[in-house]
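Inspection log for the structure reproduced underneath, given as structure tokens.
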Amino acid sequence: NIEIYLAALFTSLLVLGTILYLFEGGSKYAQDIPSAMYWVFIVIIDNIPFEMPVTTAGTMVLIAARFVGLILLGLMFNIMATLMRKVLIGTEGDTK
């Protein structure tokens, strides 16, 4: 469901943004939790340039955000494939 995708996206933004704020709180991109969440969102989207973190912990948050982006991309492909199967074939697959 798209609701599961949005819940996973918002939860990952909240958790990673809070962790980034704790470790990179003095930087321009992590002045507060919402701006840190925005930075994490930009990293997950991946085509928009962003500032690199200063600390090692910030770099770990960057790596975690990249992995979360890959996981969310796979989840979105699954949602879209299920939707396309339902539209084109008319069934949702095996429902035993």
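The values are calculated or read from the model by the stated rules, or taken from the named source; none is laboratory data. All of these numbers come straight from a predicted model, not from anything done at the bench. For neighbour counting, all protein chains shown are included, and Cβ atoms are generated from backbone atoms with ideal geometry for every residue, glycine included. Each accessible area value is taken on the protein alone, full model and side chains, heavy atoms only, with ligands, DNA and RNA left out. Shrake-Rupley method; radii C 1.70, N 1.55, O 1.52, S 1.80 Å.
Laid out as a table, the results:
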{"read-out": "Ratio of Rg to Rh over the chain (Cα coordinates, Kirkwood Rh, two decimals)", "value": "1.14"}
{"read-out": "Carbon plus sulfur fraction of accessible area for the chain, probe 1.4 Å, in percent", "value": "69 percent"}
{"read-out": "DSSP H segments from the chain that extend 30 Å or more along their own axis, Cα-based, with Kyte-Doolittle mean of -1.0 or above", "value": "2-24, 56-88"}
{"read-out": "Accessible area of the chain divided out per residue, in Å², using a probe of 1.4 angstrom", "value": "68 Å²"}
{"read-out": "Average Cα contact separation per residue, the chain, under 8 Å, 6 or more apart, as relative contact order %", "value": "25 percent"}
{"read-out": "Unit charges at the beta carbon, dipole of the chain: most positive-side option, Gly17, Asn78, Ala64", "value": "Asn78"}
{"read-out": "Förster radius 25 Å - calculated FRET efficiency between Met52 and Phe10, Cβ distance, rounded to 0.05", "value": "0.50"}
